[in-house]
Amino acid sequence: VKCCSCIVGRSSGRSGAVFDDLLAANERYRAEYHDPGVAGSAARGLAVLTCIDSRIDPLAMLGLRPGDAKIIRNAGARATDDALRSLVLATNLLSARRVCVVAHTDCAMAKSTDHEIRSRIGGILGTDAAGWEPMACPDQLATLRADVERIRSHPLIPPTVELGAFVFDVHTGGLTAVDVGS
């Protein structure tokens, strides 16, 4: 296993220099770190699928601690094939008996269409992004319900898994349950 200082930066070719701030922060963290001795399973029987938005701290938002839950993140909190792969593993091998999908207010994926996102990214890079699928969700609640149903109907997610859908308010910290049926 190589340590972080052995990673070569993609754009610079210099070892670690681009990430010096992170390595320094990790040194401070390591000085105070104590192995909590928790297992790799979800101690609270929970898996959380939420957005990559940096305003969301999934553990704090749900009153959890490291080791309590499996956290899966992607843009828009979508039940993508890869998120489903992680949920299959979490629910079958890592003690997750509950899955909550947490969308959030002020989400960039809910404010745009796929076409708009592709145009913006294509413009930034000066290339055609037409073949790429951003998975925007302009009707966030309908998308949330559809994604929960996609999880519910997946043949490798145990039928006993409890599913919940929520919207996190990034301005107030509040969490609102969304009715997704049963």
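The values are calculated or read from the model by the stated rules, or taken from the named source; none is laboratory data. Note that this is a predicted model, so its numbers are computed, not measured. Here the Cβ positions follow ideal geometry from the backbone for every residue, glycine too, while neighbour counts run over all protein chains shown. With ligands, DNA and RNA removed, areas are computed over all heavy atoms of the protein, side chains included. Shrake-Rupley method; radii C 1.70, N 1.55, O 1.52, S 1.80 Å.
Among the listed residues 119, 112, identify the single one that is surrounded by 17 or more Cβ atoms within 10 Å (Cβ to Cβ) and not aromatic (Phe, Trp, Tyr).
The match here is 112.
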Inside the range 43-85, the number of residues satisfying the requirement of being small (Gly, Ala, Ser), touching a strand residue (DSSP E or B) at 6+ places or on another chain (Cβ under 6 Å) and closer than 19 Å to residue 137 by Cβ is 2
Number of positions in the range 28-61 that are under 19 Å from residue 162 (Cα atoms) and assigned to a loop (DSSP other than H, G, I, E, B): 5
Which one of these is over 15 Å from residue 87 (Cβ atoms) and open to solvent by less than 20 Å² (accessible area, probe 1.4 Å): 142, 136, 177? 136
Being within 30 Å of residue 152 (Cα to Cα), modelled with pLDDT of 95 or more, of a type in the set (S, T, N, Q) and exposed (fewer than 10 other Cβ atoms within 10 Å of the Cβ): is that true of residue 41 here? no
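Going by the structure shown, is residue 120 among the basic types (Lys, Arg), closer than 22 Å to residue 55 by Cβ and at pLDDT 95 or above? Break it down into steps so the answer makes sense when it comes.
Working: among the basic types (Lys, Arg): yes; closer than 22 Å to residue 55 by Cβ: yes; at pLDDT 95 or above: yes.
When the stated conditions are applied, residue 120 passes them.
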For residues that are over 23 Å from residue 114 (Cβ atoms), surrounded by fewer than 16 Cβ atoms within 10 Å (Cβ to Cβ) and under 11 Å from the mean Cα position of the chain (by Cα), tally how many sit in the range 48-103. 1
Odd one out for residue 96 among (1) within 20 Å of residue 53 (Cβ to Cβ); (2) touching a strand residue (DSSP E or B) at 6+ places or on another chain (Cβ under 6 Å): (1)
